[in-house]
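Quick one: structure below, then a few questions.
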Amino acid sequence: MLISDRVFQILKEKGLSQKEFSELSGIPQSTISDWKRKRVNPAADKIMIICEILDISPSSLLSDSGYSPEHLIVDKADSEYNLINGYRSLDEKQKDRLLGYMQALLEQS
């Protein structure tokens, strides 16, 4: 699968139009259309912009493994990874409590 194919797949899954993606990324709509029409990949200098806008890691965009929501930009050695995995293991009541605590912390800032 071409990188551009994955970009369009993720856009569809996230409910973003090419126009919205263009506005968010600063990449001209004509360039994005060329990726689809000419079946070419984005230039290397656009990869990080694409990943930032789509909230995915470069490895998930560039690999053949495709996209899934678990491909968010989080390093497995990072404490965020442990936080996300811990959150996923909680029941709904525990998740609500944790989110309430987090909201209270954010409001203190």
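I need the full set of residues from region 48-71 which are part of a helix (DSSP H, G or I), surrounded by fewer than 16 Cβ atoms within 10 Å (Cβ to Cβ) and either modelled with pLDDT under 85 or at positive phi (or both), in order please.
59, 62, 69, 70, listed by residue number.
I want to confirm something. Restricting to region 72-109 and keeping residues that are under 30 Å from residue 61 (Cα atoms) and hydrophobic (A, V, I, L, M, F, W, C), which single residue is modelled with the lowest pLDDT?
Filtering region 72-109 for residues that are under 30 Å from residue 61 (Cα atoms) and hydrophobic (A, V, I, L, M, F, W, C), the one modelled with the lowest pLDDT comes out as 72.
Further question on the same structure: Please go through region 26-47 and give me each residue that is crowded, with 17+ Cβ neighbours inside 10 Å and either modelled with pLDDT of 95 or more or farther than 17 Å from residue 60 by Cβ (or both), ordered by number.
27, 32, 35
The values are calculated or read from the model by the stated rules, or taken from the named source; none is laboratory data. It should be emphasised that the depicted structure is a prediction, and the values quoted were computed from it without experimental measurement. Cβ coordinates were reconstructed from backbone atoms using ideal geometry, including for glycine residues, and neighbour counts include every protein chain displayed.
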